[in-house]
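First the structure, in the form of structure tokens, and then the observations on it.
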Amino acid sequence: MSFSRRAFVKTLGIGGAAALSSSYIPRAYDLPSFWTPTLLAQEGPLLLHNNENPLGPGDRVLNAIREHIAPDGATIGRYPFALTGGLARAIAQRFDVEPGNIIMGTGSTQALRTATQVYTSPTKALVTATPTYEECTQYAQLIGSAVVEVGLNENLELDLDEMAAAARGAGMVFLNNPNNPTATVHPEDAVNGFIDDVLTASPDTMILVDEAYHDYVTDPRHVSQIPHAVRNPKVMAARTFSKAHGMAGMRVGYMIAHEDTVRELSPWHSFNTMNTPGILGATISILDTQRLEEEAARNTEARQYTIDWFKNAGFDATDSQCNFIFVKTGMNAQEFRDGARENGVMVGRNFPPYQEEWARISIGTLEQMQQATEAFAKVLRVNATAAA
Ligand SMILES: Cc1ncc(COP(=O)(O)O)c(C=O)c1O
């Protein structure tokens, strides 16, 4: 359907148009039915606000989905029960674990919520950082669990010592490594030390390590906690297909844990929430390590370009290990966001207490980042060419 922006504003009316102004981030259920994904991708601003993958999944994933649905779509009329076991086996093969170590769901969000539900309560707090990925925090608050938020250290890293101290008697600790929004990572020995400290002082506390951005890490000192999680019933490792796999729109994620932990969580976790394209795509994608390496390399190049651009322009940034960067623009995050939006780029929300000077910017393709930095130059009033 062809569609002009003027017609869109007219259809929405004044209130709707105002809602689309600079700071407005559309949520799926806000979008009018004619706002198609094509329109979002091709005619809208550059979407550098949700840490998404600008390319989507690889051809092998897309072809498998197309073949399954062709020729008449009848397979989509069936529940995907017969396919979920295949995904569990593929994940198990990839990480050399058993299907009984895996919990899958609609994005890792579902597993994060299940763990929060089972392991926190009004007397068994969630210990988390601030700022970090907020899903567990918000869900714990929703269900009435106690929440303890620990600030970052001066390097904008999770303060592992303070978090371990706060974890005594807690129900669950949420450790996002690398951390969203700061993009910083903790090396293997620091995370192992943290887990030892927590469990020595508080043996019943669960530790959930969210590794959503693991595939984008380039620091060789970082390792996954999946092997640890399989051995230790107190440790869980969450992963997602929404980032490096490029499947955020298909909503698939998983958590790997000891079989006893999976058994404890299972009654609270609906296993019937995933969809056929997502399951099929994830089954192919998890074993397509070549594509994953290509995607990581693509991101590293675009990330380095962007960080170099900011540094050359005189702005500090953390050492990003993710598909987003955290930059000290020196400008209020809302002002920076509004300015960027006016110049055709959407960037991340506020992350208190850093909203006065820091912004989170997701990494798109190299070409998109070249375009975005021109917009940032205007907002920050620097010379784009000198910074490049
Ligand atoms: C650290 C972290 N965990 C989990 C998620 C959500 O992932 P999913 O799409 O798998 O629900 C995000 C999304 O941005 C994230 O940043």
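Quick one: which residue in T365, T329 is closer than 27 Å to A212 by Cβ, modelled with pLDDT of 95 or more, β-branched (V, I, T) and surrounded by fewer than 18 Cβ atoms within 10 Å (Cβ to Cβ)?
Only one candidate passes the filter, namely T365.
For T123, are the conditions met, namely being of a type in the set (S, T, Y) and within 12 Å of the ligand (Cβ to nearest atom)?
no
Can you name the residue in segment 99-113 that is in a helix (DSSP H, G or I) and within 12 Å of the ligand (Cβ to nearest atom) and is also farthest from L265 (Cα to Cα) among such residues?
In this case the residue turns out to be G107.
One line per residue, one yes/no per condition, for (1) touching a Pro at 6+ places or on another chain (Cβ under 6 Å); (2) of a type outside the set (F, W, Y); (3) farther than 24 Å from T130 by Cβ; (4) without any contact (Cβ under 8 Å) to a residue 12 or more places away in the chain:
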residue	(1), (2), (3), (4)
R291	no, yes, yes, no
Q334	no, yes, no, no
R341	no, yes, yes, no
G344	yes, yes, yes, no
W358	no, no, no, no
T365	yes, yes, yes, no
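Residue-wise test of (1) under 21 Å from the mean Cα position of the chain (by Cα); (2) surrounded by fewer than 22 Cβ atoms within 10 Å (Cβ to Cβ); (3) assigned to a helix (DSSP H, G or I).
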position	(1), (2), (3)
L265	no, yes, yes
F271	no, yes, no
M274	yes, no, no
G278	yes, no, yes
A282	yes, no, yes
L287	yes, yes, no
A296	yes, yes, yes
Y305	no, yes, yes
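If you check V223, V230, V252, which single one turns out to be more than 20 Å from the chain's Cα centre (by Cα) and either surrounded by fewer than 20 Cβ atoms within 10 Å (Cβ to Cβ) or in the same structural domain as Y133 (by TED's automatic domain parsing) (or both)?
None of the others qualify; the one that does is V230.
Where the second residue is among the β-branched types (V, I, T) and in a loop (DSSP other than H, G, I, E, B) and the first is touching a residue at least 12 places away in the same chain (Cβ under 8 Å) and near the ligand (Cβ under 9 Å from one of its atoms) and lies in segment 237-249, which pairs have Cβ atoms under 6 Å and are six or more apart or on separate chains?
That search, which allows pairs on different chains as well, returns F241/V252.
Being surrounded by 24 or more Cβ atoms within 10 Å (Cβ to Cβ) and either of a type in the set (K, R) or within 21 Å of the chain's Cα centre (by Cα) (or both) is the filter here, so list the residues in segment 150-179 that pass it.
Across segment 150-179, the qualifying residues are L158, M172, V173, F174, L175, N176, N177, P178, N179.
Taking the residues in segment 199-220 that are among the acidic types (D, E) and either assigned to a loop (DSSP other than H, G, I, E, B) or over 18 Å from the mean Cα position of the chain (by Cα) (or both) as candidates, determine which candidate is farthest from T300 (Cα to Cα).
Taking the candidates together, the pick is D204.
The values are calculated or read from the model by the stated rules, or taken from the named source; none is laboratory data. The structure presented is a predicted model; accordingly, all values stated were derived computationally and were not measured. Every residue, glycine among them, receives a Cβ derived from its backbone with ideal geometry; neighbour counts consider all protein chains shown.
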